[in-house]
């Protein structure tokens, strides 16, 4: 699961992209203005940006260039209705990682998104592993020893996030920012409850929890 920002001023196109990405278990936020998108990128972290070339406020190229100039590293998939090679080169030169011409096939968009997320990920296999716990990234299934554990969507998202960043400590605020939509009305208590449910499902009686609480700092999987 990834947190993706879609910057597209055509509401029908934006909705179709969001529906597709959500069906692939990603968390999606959509904005229609380049200036609004840049403001979000200054505050929130995303795993991927799907960016239309022609948007109000700032063009896709301007937004991309400003974001990269400010040190932004998130992969960017640029969308445009223009097919000329010069437009493609200009988009890539502004800092985009890939380029897709409208109208595009849903399967191709999904494939481009997967490729960019794979490129960004440090994981080389289809599994994230911590001791006896295994999360299959392809099937989104979780096993502890030989038994499958049934997780709710947000429980799975939190577990995947912690497993992708093993050894790093994240506060409840950071987990809320990275896993939940910034438009969500979820609270820090919801994060704590989610962690508590996860522990009940993945921990073995009599053993230390797989999710460690670092007092005053947050949560980690070592």
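List the number of the failed condition for residue 144; all other conditions in (1) closer than 25 Å to residue 40 by Cα; (2) surrounded by 15 or more Cβ atoms within 10 Å (Cβ to Cβ); (3) not assigned by TED's automatic domain parsing to the domain that holds residue 43 hold.
(1)
Can you name the condition, by its number, that residue 201 falls short on among (1) more than 19 Å from residue 160 (Cβ to Cβ); (2) touching a residue at least 24 places away in the same chain (Cβ under 8 Å)?
It is condition (1) that residue 201 fails.
Considering only residues that are farther than 26 Å from residue 118 by Cβ and surrounded by 10 or more Cβ atoms within 10 Å (Cβ to Cβ), look in the stretch 73-86 and name the one that is modelled with the highest pLDDT.
81
Scan the stretch 167-181 and report the pairs whose first residue is farther than 17 Å from residue 29 by Cα and whose second residue is at pLDDT below 85, with Cβ atoms within less than 7 Å and a gap of 6+ or a chain change.
Partner pairs satisfying both residue conditions: 167/222.
Mind telling me which of the residues 159, 188 ends up being modelled with pLDDT of 90 or more and within 22 Å of residue 29 (Cα to Cα)?
On the way: 188 fails: modelled with pLDDT of 90 or more.
Among 159, 188, only 159 is modelled with pLDDT of 90 or more and within 22 Å of residue 29 (Cα to Cα).
Pick out the one residue from 176, 156, 151, 162 that is surrounded by 15 or more Cβ atoms within 10 Å (Cβ to Cβ) and assigned to a loop (DSSP other than H, G, I, E, B).
Criteria check complete, one pass: 151.
Report yes if residue 191 is more than 21 Å from residue 132 (Cβ to Cβ) and surrounded by 15 or more Cβ atoms within 10 Å (Cβ to Cβ), otherwise no.
On the way: more than 21 Å from residue 132 (Cβ to Cβ): yes; surrounded by 15 or more Cβ atoms within 10 Å (Cβ to Cβ): yes.
Spelling it out, residue 191 is indeed more than 21 Å from residue 132 (Cβ to Cβ) and surrounded by 15 or more Cβ atoms within 10 Å (Cβ to Cβ).
Count, please, the residues in the stretch 17-70 that happen to be on the phi > 0 side of the Ramachandran plot and without any contact (Cβ under 8 Å) to a residue 40 or more places away in the chain.
Here is the first cut: in the stretch 17-70, the ones on the phi > 0 side of the Ramachandran plot are 25, 57.
In the following step, the residues that additionally are without any contact (Cβ under 8 Å) to a residue 40 or more places away in the chain were identified as 57.
Residues flagged as on the phi > 0 side of the Ramachandran plot and without any contact (Cβ under 8 Å) to a residue 40 or more places away in the chain within the stretch 17-70 amount to 1.
The values are calculated or read from the model by the stated rules, or taken from the named source; none is laboratory data. Keep in mind it's a predicted model, so treat the numbers as computed, not measured. Ideal geometry is used to build each Cβ from the backbone, glycine not excepted, and the neighbour counts take in all protein chains shown.
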